[in-house]
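K.L.:
Just passing along the structure, written as structure tokens.
The values are calculated or read from the model by the stated rules, or taken from the named source; none is laboratory data. All values reported here derive from a predicted model rather than from experimental measurement. Ideal geometry is used to build each Cβ from the backbone, glycine not excepted, and the neighbour counts take in all protein chains shown. These area figures cover heavy atoms from the full protein model, side chains too; ligands, DNA and RNA do not enter into them. Shrake-Rupley method; radii C 1.70, N 1.55, O 1.52, S 1.80 Å.
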Amino acid sequence: MSTAAFVASHARDAMFTRGLRAFFEYRDLGIAAATRGKVVAHVIRAAQGQAFAGQPHRHRVEFQLVYVLKGWIEFEYEGQGVVRLEAGSCVHQPPGIRHREIGHSEDIEMLEIVLPADFETEEVTAVEP
């Protein structure tokens, strides 16, 4: 058995950085390195003092899951309408689904798991109802 891919991430050592969206901060959990890019997992939280802009977009992924740890967030999903997620809520965003964020609480914190780790995001004109 190999332990080369073992990783443990602790809140006490957490470092958040800016990432895909300027109004969020991301904490890398080390999963991308451990899986050689197959999976990324990070905790996302609101970046204080940053203006929110929820542009319609889609991700070129194989799998994407969002689990809300704290606060709330609202998305508009293609074919689903508006979905409000609160602490304890989970959503599987199918590959390529058009979506946009409508709003979030100041204390939003969520876990996101995506395959592959290095994925593309494409801005789109609108989210179709």
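K.L.:
For M110, only one of the following conditions fails: (1) open to solvent by 50 Å² or more (accessible area, probe 1.4 Å); (2) assigned to a strand (DSSP E or B). What is its number?
P.N.:
Just one mismatch for M110, condition (1).
K.L.:
Let me ask you something else. Regarding region 90-106, can at least one residue be identified that is touching an Asp or Glu at 6+ places or on another chain (Cβ under 6 Å), part of a strand (DSSP E or B) and surrounded by fewer than 17 Cβ atoms within 10 Å (Cβ to Cβ)?
P.N.:
yes
K.L.:
For region 12-40, enumerate the residues that are modelled with pLDDT of 90 or more, open to solvent by 60 Å² or more (accessible area, probe 1.4 Å) and under 19 Å from Y67 (Cα atoms).
P.N.:
Residue satisfying the conditions is D28 alone.
K.L.:
Among the numbered criteria (1) in a strand (DSSP E or B); (2) surrounded by 15 or more Cβ atoms within 10 Å (Cβ to Cβ); (3) at pLDDT 95 or above, which one does R84 miss?
P.N.:
So R84 meets the others, but not (2).
K.L.:
Restricting attention to region 51-62, does a residue exist that is free of Cβ contacts under 8 Å to residues at least 40 places away in the same chain and surrounded by 15 or more Cβ atoms within 10 Å (Cβ to Cβ)?
P.N.:
Scanning region 51-62, I find no residue that is free of Cβ contacts under 8 Å to residues at least 40 places away in the same chain and surrounded by 15 or more Cβ atoms within 10 Å (Cβ to Cβ), so the answer is no.
K.L.:
Give R100, R36, R18 a once-over and let me know the one that is under 21 Å from T125 (Cβ atoms) and either of a type outside the set (F, W, Y) or without any contact (Cβ under 8 Å) to a residue 40 or more places away in the chain (or both).
P.N.:
R100
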